[in-house]
Amino acid sequence: MTIQLESIQNIDQLYDRAFSILEEQKNNGAKTFGLATGGTMLPLYERIRKSTIDFSNCKSVNLDEYVGLPKEHSQSYISFMKKQLFDTKPFEVSYLPNGEAEKPEEEAARYENVLKSLDLDFQLLGLGENGHIGFNEPGTSFRSETHVVTLTDSTKRANARFFNSIDEVPTQAITMGIGSIMRAHQILLIAVGEKKRAAIQALMNGDMTEDIPVTVLKEHDNVIVLTDLIV
Ligand code: GLP
């Protein structure tokens, strides 16, 4: 297991460190960046927006997208990415699953083919309270590829804060699979706040289990975990 754990209690310093890891990847020649959404990423994207870093010769791929939410909806992940990053820091090309596709399963297969045609240098990951990565909920096969998922109640409750009510949270999403994520050469996982403690503890001190998707990272050769928690 080669997880490099960096526990930084000062939140500004934690995100400065996250930015410097990304910058170092870019300076070392990374061309394809896997990106994530969620509240955890906001301070990092703010730093990128304010920086001079230039991604115009790089490609980006996103982890996931809600099924059935119009692209223009403020909480679709394409809207999130445009607002937080792409409108200010465009990539040469940016890929996201199309959550409005008529046949989500076919869209998932198409997206997996896109991923396979790329060499993913770097993947940014947030963490669900139940240990999910992307939208890979507990019980997902470690070998899974991009697929359609039904969101758990735990995830819907956690994400309800971004919507007017929990009933507005989409019930399904398209997500890169765990196997797809594991093909990235370098992974940076950011986990901030007490709600992430159980999952981080499972990753650092527990066994690998599909019941807690993030524990798959124990099998990856290059993982950095940035957290404000002391585990
Ligand atoms: C969502 C996303 C994940 C993200 C997680 C944590 O479910 N699909 O990619 O990591 O939420 O979100 P937050 O950073 O808001 O806690």
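The values are calculated or read from the model by the stated rules, or taken from the named source; none is laboratory data. The structure presented is a predicted model; accordingly, all values stated were derived computationally and were not measured. Quick reminder, even Gly has a Cβ in these numbers, built from the backbone with ideal geometry, and neighbours come from all protein chains shown.
In segment 56-84, which residues are assigned to a loop (DSSP other than H, G, I, E, B) and either within 19 Å of A160 (Cβ to Cβ) or touching a strand residue (DSSP E or B) at 6+ places or on another chain (Cβ under 7 Å) (or both)? If the condition is that a residue be assigned to a loop (DSSP other than H, G, I, E, B) and either within 19 Å of A160 (Cβ to Cβ) or touching a strand residue (DSSP E or B) at 6+ places or on another chain (Cβ under 7 Å) (or both), then C58, L63, V67, G68, L69, P70, H73, S74, Q75, S76 are the ones that fit.
Within segment 200-231, being buried (at least 18 other Cβ atoms within 10 Å of the Cβ) and in contact with a Pro (Cβ under 9 Å, 6 or more places away or on another chain) holds for I212, P213.
On the given criteria, is A101 within 13 Å of the ligand (Cβ to nearest atom), of a type in the set (G, A, S) and within 23 Å of S74 (Cβ to Cβ)? Answer is no for this residue. Once segment 135-156 is narrowed to residues that are away from the ligand (no atom under 11 Å from the Cβ) and either in contact with a strand residue (DSSP E or B) (Cβ under 6 Å, 6 or more places away or on another chain) or of a type in the set (D, E, K, R) (or both), the residue that is farthest from M182 (Cα to Cα) is D153. All conditions in (1) in contact with an Asp or Glu (Cβ under 9 Å, 6 or more places away or on another chain); (2) farther than 27 Å from D228 by Cα hold for T152, with the sole exception of (2).
Only a single criterion out of (1) more than 16 Å from the ligand (Cβ to nearest atom); (2) within 28 Å of T227 (Cα to Cα); (3) in contact with a helix residue (DSSP H, G or I) (Cβ under 8 Å, 6 or more places away or on another chain); (4) in contact (Cβ under 8 Å) with a residue 40 or more places away in the chain is not satisfied by E112, namely (2).
When every residue of segment 38-48 is checked against the conditions, at least one turns out to be modelled with pLDDT of 95 or more, touching a helix residue (DSSP H, G or I) at 6+ places or on another chain (Cβ under 7 Å), surrounded by fewer than 17 Cβ atoms within 10 Å (Cβ to Cβ) and in a helix (DSSP H, G or I). Each residue in segment 26-37 was checked for being within 17 Å of the chain's Cα centre (by Cα) and either at positive phi or outside any strand (DSSP E or B) (or both), and 2 of them qualify.
Let's see how each residue does on (1) of a type outside the set (D, E); (2) without any contact (Cβ under 8 Å) to a residue 60 or more places away in the chain; (3) out of contact with any Leu (no Cβ under 6 Å at 6 or more places or on another chain):
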residue	(1), (2), (3)
I178	yes, yes, yes
H185	yes, no, yes
A191	yes, no, no
K195	yes, no, yes
I200	yes, no, no
D207	no, yes, yes
E210	no, no, yes
T215	yes, no, no
H220	yes, no, yes
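Where helices (runs of 4 or more DSSP H) sit wholly within segment 132-231, those with at least 2 residues that are basic (K, R) and over 14 Å from the mean Cα position of the chain (by Cα) occupy 153-159.
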